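For reference, the structure is listed below as structure tokens.
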């Protein structure tokens, strides 16, 4: 029985539990077999749980690396912006509007005009757009209402499914 997978051990464990309900089963041999398989099942479960924890730790390391890379990318973009501003100021100061190179072209361009709206502006409704507010159910409030006995149309509380907790 030593080389059995957790899946196979689970099946054997179920068979032994079914035998426990059989009045003709030999109690002593059943107990011995149950003890042996419980130890193997426990060892396999611990090994599988260890794999799960290692994968979760690996995922956490990936998340940390992603955050670090995102911070580096943000820093590089910020630095690139400062370098572009530096280049713009110096080209404007030298009155150079265009530079050609074999790799790219540098040119000073005017941004398109922007609309500025004063804080006290009275804008006609036909020049406004309506952006509807996003409305979604508040599950925490619905749960509290249902637990207190209040009926909420189309809502109910269902028991959650099982999960594995590895601490």
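For the reader, a short list of remarks on this structure follows.
- Figure legend: label point modelled 7 angstrom from the Cα of residue 6 along Cα→Cβ; residues of the range 45-89 with amide N under 14 Å from it are 45-56.
- Within the chain, all pairs of alpha-carbon atoms sorted by distance into 10 Å bins from zero give the percentages 7, 13, 12, 16, 18, 12, 10, 8, 5, 1, 0.
- Segment residue 52-residue 108, length gained on full extension (0.36 nm per residue, minus Cα span): 14.6 nm
- Cα-based helix-to-principal-axis angle, 27-93 vs the chain, degrees rounded to 10: 0 degrees
- In this simple spin-label model, placing a label point 7 Å from the Cα along the Cα-to-Cβ direction at both residue 162 and residue 74 gives a separation of 4.2 nm.
- Structure remark: mean-square fluctuation, Gaussian network model of the chain, C-alpha springs under 10 Å; the largest value among 134, 109, 82 belongs to 134.
- 0 to 90° range, to nearest 10: angle between helix 6-20 axis and the chain longest Cα axis: 40 degrees
- Relative contact order of the chain, taken over Cα pairs closer than 8 Å and 6 or more residues apart, is 13 percent.
- Of 70, 105, 35, the one that fluctuates the most in a GNM where the chain has Cα springs shorter than 10 Å: 105
- Helix-only mean residue ellipticity at 222 nm for the chain, each DSSP H run of n ≥ 4 adding -39500 (n - 2.57), per residue, nearest 500: -19500 deg cm²/dmol
- Comparing 87, 34, 127 in a Gaussian network model of the chain, where Cα atoms under 10 Å apart are tied by springs, the biggest mean-square fluctuation is seen for 127.
- Sorting 135, 15, 48 from the fewest to the most surrounding beta carbons within 10 angstrom yields 135, 15, 48.
All of the numbers you see were taken from the coordinates with simple rules; none came from a lab. From a predicted model like this one, the values you see are computed outputs, not experimental measurements. Neighbour counts are summed over all protein chains in view; Cβ atoms, including those assigned to glycine, are modelled from backbone coordinates with ideal geometry.
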